[in-house]
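The structure appears right after this line, and notes come after that.
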Amino acid sequence: MSEHHHDTHDHHHEDGPHSSFKGYMTGFLLSVVLTAIPFWLVMADVFENRNITALVILGFALIQICVHMVFFLHMNFHSEGGWNMLALIFTLVLVFITLAGSLWVMYHLNHNMMPGMMHEHNLSP
């Protein structure tokens, strides 16, 4: 008879952080608070200037993105040997270049390609 060896060792190795119920609840509560505060800022008309309100909301959005990445996606500099964070940084650089380039092109198109506005400006004394 042949002897069958069954490997009972689990080959599934994860060196990323594992989260507990407490970690998920912390992330959830932070997400709720980081959503409720901007909602209150808009509904209560806390700031008179809409630009300040928009900047504050964007700040809360950036903080909430970080909360989601840490508590739900478990991203840090140690998970996957740091490759997760390197991929995130690369993606952010590409998004920044794309957005900045798009805004630059749209600004210059608006500025250089408005012949009607240029003609009216030249006619006025």
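Below, the figures for the structure above:
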read-out	value
Residues that are surrounded by 14 or more Cβ atoms within 10 Å (Cβ to Cβ) and farther than 26 Å from Phe90 by Cβ, drawn from the stretch 55-72	Val56, Ile57
The stretch 37-54, subset among the charged types (D, E, K, R) and in a loop (DSSP other than H, G, I, E, B), residue least open to solvent (accessible area, probe 1.4 Å)	Asp45
Test: residue in the stretch 1-23 that is open to solvent by 80 Å² or more (accessible area, probe 1.4 Å), modelled with pLDDT under 90 and of a type in the set (A, V, I, L, M, F, W, C)	yes
Selection status of Met75, surrounded by 10 or more Cβ atoms within 10 Å (Cβ to Cβ), assigned to a helix (DSSP H, G or I) and at pLDDT below 90	no
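The values are calculated or read from the model by the stated rules, or taken from the named source; none is laboratory data. None of the values given here were measured: they were computed from a predicted structure. Ideal geometry is used to build each Cβ from the backbone, glycine not excepted, and the neighbour counts take in all protein chains shown. Remember, those area values only see protein heavy atoms, side chains included, never the ligands or the DNA or RNA. Shrake-Rupley method; radii C 1.70, N 1.55, O 1.52, S 1.80 Å.
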